[in-house]
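The values are calculated or read from the model by the stated rules, or taken from the named source; none is laboratory data. Every value quoted in this text rests on a predicted model; they were computed, and no experiment measured them. Heads up, the Cβs are rebuilt from the backbone with ideal geometry, glycines too, and the neighbour counts pull from every protein chain shown. Surface accessibility is based on the protein's heavy atoms, side chains included, excluding ligands, DNA and RNA. Shrake-Rupley method; radii C 1.70, N 1.55, O 1.52, S 1.80 Å.
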Amino acid sequence: MSDPQQISALEASHLAYDAFVFTVEALASSPEDPCEAMGDYNTAWEPRDDALSGHYLIGSGLFTEEQESAVLAFLAAVHPIPANDMPAGSGRAENLAAMQHAAWGSYPLAFKRTSDSTGSGNREKPGVP
């Protein structure tokens, strides 16, 4: 008998996909939006870490080949962001300062392109009927 508390591998991949898309959408907007989405707590570190977990979705079948290419480009852009060198903690001031750090540069446009490419605007999971 299986443990009802455990989730299937498919459900786990869909949950990971949802978290990844949520992060991409938050990063694709103004610096205030990720602050709000992350509850004004460690905003620079949390979305960077959550975004990098998108690596585990590559090869999952949830993205087309073109979408995977966009996700890989997104991951390459996120990886060098020095979140550990940015203000952290709780509160809007610290987190907004972190999201306005020069290291984020013009990334919102790249993140927007990834968001558009992954089809996250319609929140449907690719490859799922």
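Give, rounded to the nearest 20 debye, the magnitude of the charge dipole that the range 14-56 has about its Cα centre when Lys and Arg contribute +1 at Cβ and Asp and Glu contribute -1 at Cβ. Don't skip to the end; give the middle numbers.
Numbers: 1 positive and 9 negative charges, 39 e Å.
Approximately 180 debye in magnitude.
Taking Cα atoms of the range 10-71, Rg/Rh with Kirkwood Rh, to two decimals?
1.00
First compute the accessible area of the range 1-69 with a 1.4 Å probe, then give the percent of it belonging to carbon and sulfur atoms. Write down the numbers at each step before the final one.
Numbers: 2070 of 4000 Å².
Answer for the range 1-69 is 52 percent, counting heavy atoms of protein chains only.
In nm, to one decimal, how far is the GLN6 label point from the ASP85 one, both placed 7 Å along Cα→Cβ?
With each label placed 7 Å out from Cα toward Cβ, I get 4.3 nm.
With every protein chain present, what is the per residue accessible area of the range 1-109 (1.4 Å probe, Å²)? Before the final figure, lay out each step's value.
Values: 6040 Å² over 109 residues.
Per residue, the range 1-109 has an accessible area of 55 Å².
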